[in-house]
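Single-structure report; data block below.
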Amino acid sequence: MNILMVYPEFPTTFWSFKYALKFINKKASSPPLGLATVAAMLPKEWTIKLIDMNVQVLRKPDIMWADFVFISGMVVQRESAEKVIKQCNDLGISIVAGGPLFTQEYDKYPEVTHFVINEAEITLPMFLKDLQEGNLKRLYTTNDFPDLKLTPIPRWDLINFKYYDSMSIQYSRGCPFNCDFCNVTALLGHKPRLKSADQIIAELDALYNLGWRRNIFFVDDNFIGNKRHLKKEILPALIEWRKGKVGCNFITEASINLSDDDELITLMTQAGFISVFIGIETPDENSLIECHKTQNKNRNLIESVKHLQRKGLQVMGGFIVGFDHDPPHIFEKQISFIQQSGIVTAMVGLLQAPFGTPLYERMKREGRLINEMTGDNADGTTNIIPAMDKDQLKDGYKKIINEIYSPANFYQRIRNFLEEYSPRKNPVRLSFEEIVAFFRSVYHLGIIGVERVHYWKLFFWALLRQPDKFAMAITLSIYGYHFRKINEQQFH
């Protein structure tokens, strides 16, 4: 059996880092972890090819070679996925679709031959059994959540590492919180399900033995959903694994209550974690109450962020405007918060209601759903009718983006962050790509860029005052170039 796995193309977005990746000659941030994992669940005797359309071109002979085309993706990849489906239909090749896009919207794709949705540890064996018996059905789904002990090591041999800036690994699924705009619990449940330390180390060994030395992203929606297991099993194992190894710093996502646990923070930084994405959402307490963001309430959010920075974790932040309880001055509050906190990578979006969330159901009851969600959290669109005047909301959103990604404010924010940041001392190992990126930054940002005055001020300030953070200053400057290009693409 010949299986072609296809990962649709992402549009150019905030998180694509397309313009920044060019500085290091990479084509995509990370490979399709889901498809690589599913590939490891297929019969060993099958021949499998994987094409990530973010780094390769999908050609007619690739499709014609396959007995089945397996496709997976997220909502933001919808447009590319639809083109792939049409190509396969035109060539008469059967399609097997799964992943978040199809799990939530499978009824919108009558052209797809088979759906294997929800979590593949349960539904893929159903499909394979029926395939063997010659009795395939169109839909394979489940309401159960699998034990992650069933999850195999991804087929990294199907991935060409040279195209990517980071690799991905998953430790847990599910989140104990219930933010009403988030579809994580609808897809994966409330109770975090966990892999063992042995599984995680085996996956890391597989990557390391294949030569990977760059960042590794733990893609968990909330890495700290089970703190006890992290402290007792996972983080000590990671600390031990790192001994004698170079490279492979870790990035993940967590909730703000990480800042309350110094023991956990210390273990994470000792294990090699350098950065964490946190959903801040809003500095307005009433809006936090509205969206059930309980973990963010009744705390000094700026101080929580700075505490993590001082302990050695860069904080990337998600922010939302458009809550029913947002006051008219919410835009100024968001700008002030982002600047003061030193969150350099600040993703700001309009409130959207993903299918399956409590917010979606409330908007549906109130007759406030208006169109399909794009899946791009920072493209200035929404699929709901806001309580605030829509023009006021749109103009306010544009103001936030223009302010926080103006060269003056962005470079000041880098400096605010670096003044707080106390990174754990790690041996510096600059790759050839990073050295090239440095010289490209000098040209694109320091010579021809509109930000050149701010670039050189930060350059010499970091070099003379914070030399151990100089590489970070240059990296964040390159991020700013990407964010500015996205802003220009969206608003100009």
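Structure above, values below:
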item	result
Residue check, Ala437 surrounded by fewer than 16 Cβ atoms within 10 Å (Cβ to Cβ) and either touching a residue at least 40 places away in the same chain (Cβ under 8 Å) or outside any helix (DSSP H, G or I) (or both)	no
Residues of region 116-160 satisfying the condition of being part of a helix (DSSP H, G or I), outside the structural domain of Gln104 (by TED's automatic domain parsing) and in contact (Cβ under 8 Å) with a residue 60 or more places away in the chain	Trp156, Leu158
Filter result for Gly349 (of a type outside the set (A, V, I, L, M) and touching a residue at least 60 places away in the same chain (Cβ under 8 Å))	no
Filter pass, Ser477 being assigned by TED's automatic domain parsing to the domain that holds Met268 and either touching a Pro at 6+ places or on another chain (Cβ under 7 Å) or buried (at least 16 other Cβ atoms within 10 Å of the Cβ) (or both)	no
Checklist (1) assigned to a helix (DSSP H, G or I); (2) without any contact (Cβ under 8 Å) to a residue 60 or more places away in the chain; (3) among the hydrophobic types (A, V, I, L, M, F, W, C) applied to Trp212, failing item	(1)
Any pair with Cβ under 9 angstrom, 6 or more apart, that starts in region 288-307 at a residue that is closer than 15 Å to Leu258 by Cβ and ends at one that is assigned to a loop (DSSP other than H, G, I, E, B) and of a type in the set (Asp, Glu)	Lys293/Asp180
Considering residues of region 196-233 that are crowded, with 21+ Cβ neighbours inside 10 Å and charged (D, E, K, R) only, the residue farthest from the chain's Cα centre (by Cα)	Glu203
Which numbered condition Ala97 fails, given (1) within 23 Å of Asp62 (Cβ to Cβ); (2) modelled with pLDDT under 95	(2)
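The values are calculated or read from the model by the stated rules, or taken from the named source; none is laboratory data. Quick caveat: nothing in here was measured; it's all calculated off a predicted structure. Backbone-built Cβ (ideal geometry, glycine too); neighbour counts: all protein chains shown.
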